[in-house]
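Step one of this worksheet: look at the structure below.
What follows draws every value from the coordinates through simple rules; no lab data is involved. Bear in mind the structure is a predicted one, so any value in this text is a computation, not a measurement. Note: ideal-geometry Cβ built from the backbone for every residue, glycine included; neighbour counts use all protein chains shown.
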Amino acid sequence: MGIITIDGPAGSGKSTISKLLAKELGISFLDTGAMYRALTLMAMNAGLDLQDSAKIKELFDKTELKFSSENNKTVVEINGVDCSDLIRSPQVTANVHFIAAAPILRESLVELQRQFAKEQGSIVTEGRDQGSVVFPDAEVKIYLNADVDQRANRRFKELQARGEKCDLQEIKDAIIARDCSDRNREVGSLKKAADAIEIDTSHMSIDEVVRVILEIVRK
Ligand code: DC
């Protein structure tokens, strides 16, 4: 089957849809955002200056990072400690742009992503640069989009369902800020690969989107 890339902005439905798609196709799933988040958390925990990418790279080289999947959830272990929930905290979300903008850190993570694909053979991988930079020869490239109010609403409901206190306007502002840094960084920015198929998920259910992508893959 090969490589299926799913890129798009925060809240476009990438994670949920990619997991379901991978399950349906019986292949592995790679959550590349979790990798950037894990590196951010590691650097924060070590008290490093988040702009000092050389120091963060040193720490990364000494750290044991493990990514796996359990009941449709990405499990991230840093030196054997499960940090799957901590990497989703608002503090990590607010700081991840420092790591995402650092070329040497991106290089290391891109290498891990390509290695994972090589080991697995077939994968569904989601992120920002999977179709444009990491896997330019992927068999199927999808770019998911949705208007910002819908994306903020989805995040709001997700957090509420987890029992977390949240404010819709704050979530929307954070999404707008992240869109801006994701689109404007010099390396690995969020963009649709020229040969990617764009799907606007604003008014589609998750199942509909999965069905549309499955049709594309099976063609
Ligand atoms: O998909 P996510 O929200 O978990 O991603 C968190 C951040 O990680 C995102 O704002 C930018 C960065 N990221 C990236 O730069 N490249 C990727 N392939 C995936 C995520």
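Figures for the structure shown
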{"item": "For Phe29, residues with placed amide H under 5 Å, excluding near neighbours", "result": "Val124"}
{"item": "Reduced Cα scattering model of region 133-219, Debye log10 I(q)/I(0), q = 0.13, 0.16, 0.21, 0.24 Å⁻¹", "result": "-0.57, -0.82, -1.13, -1.20"}
{"item": "Rg to Rh quotient for region 1-125, alpha carbon positions, Kirkwood Rh", "result": "0.95"}
{"item": "Region 50-106: translational diffusion in µm²/s, Stokes-Einstein, Kirkwood Rh over Cα pairs, 37 °C, 0.692 mPa s", "result": "263 µm²/s"}
{"item": "Most mobile of Ser69, Ser18, Ser189 in a GNM of the chain (Cα contacts under 10 Å)", "result": "Ser69"}
{"item": "Base-10 log of normalised Debye intensity for region 3-47 (one unit scatterer per alpha-carbon) at q = 0.17 Å⁻¹", "result": "-0.57"}
{"item": "Dimensionless Rg/Rh of region 124-170 - Kirkwood Rh, Rg from C-alpha atoms", "result": "1.16"}
{"item": "Dipole-positive endmost among Gly131, Ile171, Val212 within region 91-219 (Cβ charges, Cα centre)", "result": "Ile171"}
{"item": "Residues whose placed amide H lies under 5 Å from that of Ile199, excluding near-sequence neighbours", "result": "Tyr143, Leu144, Asn145"}
{"item": "Label point distance in nm, Ser108-Ile176, each placed 7 Å from Cα along Cα→Cβ", "result": "3.4 nm"}
{"item": "Pairwise centroid distance, computed over Cα atoms, of region 38-83 with region 128-145, Å", "result": "24 Å"}
{"item": "Rg(Cα) / (2.2 N^0.38 Å) computed for the chain, rounded to two decimals", "result": "0.97"}
{"item": "Residues in region 58-97 that a label on Ala46 would reach, taking backbone N under 12 Å of a point 7 Å out along Cα→Cβ", "result": "58-65, 79"}
{"item": "DSSP bridge pairs, the chain: antiparallel proportion in percent, nearest 5", "result": "30 percent"}
{"item": "Expected 222 nm ellipticity per residue - DSSP helices of 4 or more, -39500 (n - 2.57), all of the chain, to 500", "result": "-16000 deg cm²/dmol"}
